[in-house]
2 protein chains.
Amino acid sequence: NRLRKNGIPFRFCTNETQRTTESLVQKLKRFGFDLEVGDVFAPAPAVRQMLIKQQLRPQLLVYPELLPEFQDIEQTDPNCVVVGDAAHHFTYEAMNKAFQLLLRLQNPILISMGKGKYYKEGNELVLDLGAYTAALEYACDTKAIIMGKPSKEYYSAAIESMNLKLEDVVMIGDDINSDIGGAQKSNMRGLLVRTGKFRASDENHAIVKPDAIVNNLADAVDQILSHKSTNCIK
Amino acid sequence: NRLRKNGIPFRFCTNETQRTTESLVQKLKRFGFDLEVGDVFAPAPAVRQMLIKQQLRPQLLVYPELLPEFQDIEQTDPNCVVVGDAAHHFTYEAMNKAFQLLLRLQNPILISMGKGKYYKEGNELVLDLGAYTAALEYACDTKAIIMGKPSKEYYSAAIESMNLKLEDVVMIGDDINSDIGGAQKSNMRGLLVRTGKFRASDENHAIVKPDAIVNNLADAVDQILSHKSTNCIK
């Protein structure tokens, strides 16, 4: 709300692919966030845009709750495979269906909504879509196009949705590698927060050096607003 | 039978991991082959030997019909994961169970009975265990030990079971890459047959040059017997 009042454009940039953006926004609203669907940038709408632009007809290997995002996209006679975090829907049958299409296509296009290795579900770590994307890449001798953090294509699409340039944008995140490292590789600046998955060792990470480290999102906004006048983050 | 009569040791070396060697031998006998379990070298018994030697307790991600091969191996408190061609049993749950153990182990050991990408099942191509092994390798940042063609470890174990040296052995096969290329990389000679998955283009393969090409297995045996006197294959 403070960023909005100060006329600073922003997006909530997520890798969530198990629900529609609409459903995600409803959830965040229940947590007290005041936001609209247009404020969120998620892999599924980004892939949707890409499919439209490139006239691709997807065979979807995604979580059923995500299907509504693609309901107006032509899906007969598919010419690409789109992988989301399908979780229990990563069956041998579904994987074979994706594999068989890729093998049949003269120009196999595999699009994955991220390349995460695993995530926490309840009390246990479970395989993320990246593992299944790696399986298809190996079987088909192909490389997936990644539409999710930390891919530069994905960050670029998010920044394009605000009509901004990468070098004018700050990424705020709790993941030293994907959020901060990925943002910096994409020519953005990266601001690490000491919340969520942050670990003390991130402050002296061997490879990734955040442009700034702050206690939480509110402090990050303070930093951005205090530097607005000087037009400089660091 | 002709090799046997001439006192030439041999093994039928397979990557079959959906049934026990005993069951495979029964099948081959029905096809008219006269052979015993001891004549066959398959990934499961090779892995079994490895587990015993290295005192490993496996968590098995294999086809149920293969389980009898491991029935006398301790499997409580597992300290490694063994992957076979589990096919429909490559469920999200089973993959997570394997992944979670590997992540828990201080020294994660992943053993895979081959690294095949796909194979023909009825009329369609389906994913082979290699794709699922690649998924676990990616998620756990580890490299699998491959116990199946074309790995040198596997060929060496097969040759060891005959008390021979690799350089004294000829591999006869129809797969230019895995059989012939793999054998040559392991210091064996490779004899390609023009049957099975052989394709005309294999005769002038860009990378793999077989030591000889023959029409079928019977001709391969002719070659070996005719060269026996001169103690030289080529």
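Please list, ordered by chain and number, the residues whose modelled amide H lies under 5 Å from the amide H of residue A:146; skip anything fewer than 5 residues away on the same chain.
Amide H neighbours of residue A:146: A:112.
By the gyration tensor of its Cα atoms, with a ≥ b ≥ c the square roots of the eigenvalues, what is the shape of segment A:86-234: rounded for a/c under 1.5, prolate for a/b over b/c, or oblate?
Since a/c reaches 1.5 and a/b is larger than b/c, the shape of segment A:86-234 is classed as prolate.
Can you tell which of A:195, A:184, A:171 lies farthest toward the positive end of the dipole of segment A:158-198, using +1 and -1 charges on the Cβ of basic and acidic side chains (Lys, Arg; Asp, Glu)?
A:195
Distances from residue B:71 to the same residue in each other copy, label points 7 Å out along Cα→Cβ, in nm, shortest first?
Result, one decimal in nm: 5.4.
Once the label point is set 7 Å along the Cα-to-beta-carbon vector, what list of distances in nm do you get between residue B:164 and its counterparts in the other copies?
Distances to the matching label points in the other copies: 6.9 nm.
How shielded is A:123-134 by partner chains, expressed as the average number of their Cβ atoms within 10 Å of its Cβ atoms?
5
Is the C-alpha gyration tensor of segment B:165-233 telling us rounded, prolate or oblate? Criteria: a/c under 1.5 is rounded; beyond that, a/b larger than b/c is prolate, otherwise oblate.
Judged from the Cα gyration tensor, segment B:165-233 comes out oblate (a/c at least 1.5, b/c at or above a/b).
List the distances, in nm and shortest first, from the label point of residue B:27 to the matching label points in every other copy, placing each point 7 Å from Cα along the Cα-to-Cβ direction.
Here the equivalent label points are 4.4 nm apart from this one.
Please find, among residues of chain B, the one with the beta carbon closest to the rotation axis relating it to chain A, distance in whole Å.
That would be B:135, 2, residue then distance in Å.
Relative contact order for chain B: what percent, with Cα pairs under 8 Å and sequence separation of 6 or more?
The value is 14 percent.
By average Cβ neighbour count within 10 Å, what is the ranking of B:197-207, A:209-219, A:43-53 from highest down? The partial results should precede the final answer.
On the way: B:197-207: 11.3, A:209-219: 16.3, A:43-53: 20.0.
Final packing ranking: A:43-53, A:209-219, B:197-207.
Distance from the Cα centre of segment A:1-46 to that of segment A:100-134, in angstrom?
Taking the Cα centre of each part, segment A:1-46 and segment A:100-134 sit 24 Å apart.
If you rank A:11, B:104 by fewest surrounding Cβ atoms within 10 Å, what's the result?
B:104, A:11
Which entries in B:165/B:197; B:115/B:165; B:152/B:209; A:27/A:117; A:149/B:115; B:117/B:197 show an alpha-carbon gap greater than 26 Å?
B:165/B:197; A:149/B:115, as the Cα separations exceed 26 Å there.
Can you give the FRET efficiency for residue B:162 and residue A:123, using 1/(1 + (r/R0)^6), R0 = 56 Å, r = Cβ-Cβ distance, to the nearest 0.05?
Working: r = 50 Å, r/R0 = 0.89.
Step by step, r from the Cβ atoms, then E = 0.65.
Throughout, read-outs are computed from the coordinates displayed, never taken from laboratory work. Worth saying up front: this structure is predicted, and the values here are computed from it rather than measured. Heads up, the Cβs are rebuilt from the backbone with ideal geometry, glycines too, and the neighbour counts pull from every protein chain shown.
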